[in-house]
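Asks: Below is a structure I'd like to ask you about.
The values are calculated or read from the model by the stated rules, or taken from the named source; none is laboratory data. Everything quoted here is computed from the prediction, not taken from an experiment. Virtual Cβ from ideal backbone geometry, glycine too; neighbours counted across all protein chains shown.
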Amino acid sequence: MSSENRLFISMYHYIRDLQHSRYPGIKGLDITLFRKQLEFFSENFNVIRMEQVIECVKNGQSLPENSLLLTFDDGYIDHYTYAMPLLEEYGFQGSFFIPGKTFTTHQLLDVNKLHYLLACADINQLVADVKERIDYYRGVEYDYPTSEELWEQYAVANRFDNKETIFVKRVLQTGLPERLRNEIASYLFQKYMDITEEQLAFDLYMTPEQIQTMKRHGMFIGIHGYDHYWLGNLSQTEMKQDIVRSLETMKDYIDQDEWVMNYPYGSYNDDVLRFIQEKGACIGLTTEVRVADIGKDSSLCLPRLDCNDFPPKGDNYLGLLS
Ligand SMILES: [Zn+2]
């Protein structure tokens, strides 16, 4: 098998000076480790630009050996403050995927509400609270399985989180009706956090000016939905609405005939793929953990690795080399 079109894609979320941050419990990559990782990449990989990947997909142009693409999800101000200056120091391009809602409203995404809750509250207390709320609302206005049935269904550990954490995440991300999920998450946020949702949103996300600056500095900007929903779980109408909204809010930062999709939570289905292709997407990024092979993999379903799969955090990438 030719290895010339294999592409490692590394995925980042929070990157910050964790020890000196207000919420050191947040699961993020410490800035010193990020620098070490970039140093490792500069010695062992060819960090390429998204434009090269697009050319490769379109024209079959081959990629350098050990090609690596750096992707940053969710539009965090961390990416502007910490990631971009270091990327520039190394001469690397980053690709930044920004949910439309983060910079058009001062609303906190559910995903971040949860991350901060999990960083600040005791996990067993959170599980108890979530179960209590589930039982409190059942039958009044909503109908869904009992908290114990939901526990059976969702409390399954993955390679980063224990089963308690996954239970809280899944139930509040996708397991309950949307309006109820929001209500419970906001209730818990008020109970455990010493900051309002609005203030945290203000502190957490990039502004339009910052996004524009990143673009001017040669960074690549892409689509990550509007509301950061699990697109594969939405009705067709809701899914299309979310994607259309994200394209509208991001129109100043992307090429509307050739844009890159990054599925929130890695969630998509055939309807999503058909629709984004219709709308001009040329590449799609998932959370499947594998090395991409351009030409063999569907360009709308490219797998990625997590930054924890590379030194100094880990060496899972080694097992994926062959
Ligand atoms: Zn995301």
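Asks: Before we move on, is VAL291 buried (at least 17 other Cβ atoms within 10 Å of the Cβ) and within 25 Å of SER67 (Cα to Cα)?
Replies: So VAL291 passes the test.
Asks: Oh, and also: Check VAL171, VAL111 and return the single one that is away from the ligand (no atom under 16 Å from the Cβ) and aliphatic (A, V, I, L, M).
Replies: None of the other options fit; the residue is VAL171.
Asks: So which residues in the range 245-264 are over 29 Å from TYR90 (Cβ atoms) and touching a residue at least 24 places away in the same chain (Cβ under 8 Å), if there are any at all?
Replies: Pass one, the range 245-264, residues over 29 Å from TYR90 (Cβ atoms): 245-249, 251, 256-257.
Passing the criteria: ARG245, SER246, LEU247, GLU248, THR249, GLN256.
Asks: Residues that are assigned to a loop (DSSP other than H, G, I, E, B), in contact with a Ser or Thr (Cβ under 7 Å, 6 or more places away or on another chain) and within 16 Å of the ligand (Cβ to nearest atom): does the range 228-243 have at least one?
Replies: Yes, the conditions are met somewhere in the range 228-243.
Asks: Okay, next question. So which of ASP122, ASP110, ASP73, ASP129 ends up being closer than 23 Å to MET239 by Cβ and either modelled with pLDDT of 95 or more or among the polar types (S, T, N, Q) (or both)?
Replies: Unique residue meeting the criteria: ASP73.
Asks: Restricting attention to the range 49-102, and to residues there that are under 25 Å from ASP227 (Cα atoms), in contact with a His (Cβ under 9 Å, 6 or more places away or on another chain) and assigned to a helix (DSSP H, G or I), which single residue is farthest from the ligand (Cβ to nearest atom)?
Replies: Checked the range 49-102; the qualifying residue farthest from the ligand (Cβ to nearest atom) is MET84.
Asks: Only one of LEU204, LEU180 is touching a residue at least 60 places away in the same chain (Cβ under 8 Å), among the hydrophobic types (A, V, I, L, M, F, W, C) and either surrounded by 14 or more Cβ atoms within 10 Å (Cβ to Cβ) or touching a Ser or Thr at 6+ places or on another chain (Cβ under 6 Å) (or both). Can you tell me which?
Replies: Checking each option against the conditions leaves just LEU204.
Asks: Exactly one of (1) modelled with pLDDT under 95; (2) within 16 Å of the ligand (Cβ to nearest atom) is unmet by SER147. Its number?
Replies: Among (1) modelled with pLDDT under 95; (2) within 16 Å of the ligand (Cβ to nearest atom), SER147 violates only (2).
Asks: Can you tell me which residue among GLN210, GLN153 is in a helix (DSSP H, G or I) and farther than 25 Å from GLU288 by Cβ?
Replies: GLN210
Asks: Determine whether the range 66-79 contains at least one residue that is farther than 24 Å from ARG16 by Cα, surrounded by fewer than 19 Cβ atoms within 10 Å (Cβ to Cβ) and in the same structural domain as ILE294 (by TED's automatic domain parsing).
Replies: Yes - at least one qualifying residue is present in the range 66-79.
Asks: Looking only at residues in the range 1-27 that are in a loop (DSSP other than H, G, I, E, B) and in contact with a helix residue (DSSP H, G or I) (Cβ under 6 Å, 6 or more places away or on another chain), which one is nearest to the ligand (Cβ to nearest atom)?
Replies: TYR14
Asks: Kindly establish whether ASP293 is outside any strand (DSSP E or B), on the phi < 0 side of the Ramachandran plot and either in the same structural domain as SER62 (by TED's automatic domain parsing) or within 20 Å of the chain's Cα centre (by Cα) (or both).
Replies: Values: outside any strand (DSSP E or B): no; on the phi < 0 side of the Ramachandran plot: yes; either in the same structural domain as SER62 (by TED's automatic domain parsing) or within 20 Å of the chain's Cα centre (by Cα) (or both): yes.
When the stated conditions are applied, ASP293 does not pass them.
Asks: Let me ask something else. Hey, does the range 181-192 have a residue that's in a helix (DSSP H, G or I), under 25 Å from GLN153 (Cα atoms), touching a Leu at 6+ places or on another chain (Cβ under 6 Å) and not aliphatic (A, V, I, L, M)?
Replies: For the range 181-192, residues in a helix (DSSP H, G or I), under 25 Å from GLN153 (Cα atoms), touching a Leu at 6+ places or on another chain (Cβ under 6 Å) and not aliphatic (A, V, I, L, M): present.
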